[in-house]
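For reference, the structure discussed in these notes is given below.
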């Protein structure tokens, strides 16, 4: 199947007709860690599952296609995907990044900078990011929209400036997914996903993805991947592939719900500000009375107070004590991630029930 098929078709057809031996409609789960050589000096293309696994390979082909790229590598988590992507860059590399980003990424970035591995320059806006890129920049790292303030960056504009200065561009596409954004087509060199989120979509798989259209970068990534072993298991590869099949219809459903919830929250007397881009299922909002947050969270009946995002179930997160707790409070506050902010991952439940659940919790 070429990259020319429409997204919904590529997703629905993931793994179909991949087993010529039996004609199995669903891609089989290959649990074997090792593979027999047909004879001395010959290989089936699979030797050891850390390097390559048949189930994972089918998944990776699909992941590359939906991001309109040539290569994809499935990893054991979103953070292992981040670490793998940064393995491309040498000691002392200079990174320009958005300040508002996932707390786990910040935790690792901070650790790497403390060890002298990388030097980070953090920026709050697209204009600041572009102004910070110069000939000494090696990497530009973007989450768009950002987590959790939902700030969008123009990837194409940033990538042009980065490439003019010899820098590589890494984009975390977890929030929008390939349904709403294809960073490779906009100039990104590397795409990262926490596939735990929208790609799998059911809160039952821990996975990551690194995507590129550059064969040289892919070869180097594969060297580090095979050497360090952040591999996705065959079972999780299968589960992720199964989740992918409904990605487009799930994203459309959560977007519709999120659009309605954003309007509902904007009109609610208890809400100070709503942060939503109009696409996807992530909505952040700030309450007028921060002291009521514990009672609000404890009062929800349908929406679950839990970390993570991107599943069919609606989740609410308090970044200050959960996903972004490792970012010092003064740093968070400096760029708008204040302690009155809640992050909502909107699911596919009936919108009437979601509104009613928020209404009763906000009115406590």
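Each reported figure results from applying straightforward, stated rules to the coordinates on display, with no laboratory input. Values in this document were obtained by computation on a predicted structure and should not be read as measured data. Neighbour counts are summed over all protein chains in view; Cβ atoms, including those assigned to glycine, are modelled from backbone coordinates with ideal geometry.
Annotations for the structure displayed:
- Between 308, 334, 345, 284, the distinction of being within 30 Å of residue 111 (Cβ to Cβ) and touching a helix residue (DSSP H, G or I) at 6+ places or on another chain (Cβ under 9 Å) belongs to 345 only.
- Total residues in segment 301-339, condition surrounded by fewer than 19 Cβ atoms within 10 Å (Cβ to Cβ) and assigned to a loop (DSSP other than H, G, I, E, B): 16
- Condition broken by residue 253, with the remaining ones in (1) surrounded by fewer than 17 Cβ atoms within 10 Å (Cβ to Cβ); (2) within 26 Å of residue 351 (Cβ to Cβ); (3) in contact (Cβ under 8 Å) with a residue 40 or more places away in the chain; (4) more than 15 Å from the chain's Cα centre (by Cα) satisfied: (1)
- Test: residue in segment 143-157 that is assigned to a strand (DSSP E or B), touching a strand residue (DSSP E or B) at 6+ places or on another chain (Cβ under 9 Å) and closer than 29 Å to residue 331 by Cα: yes
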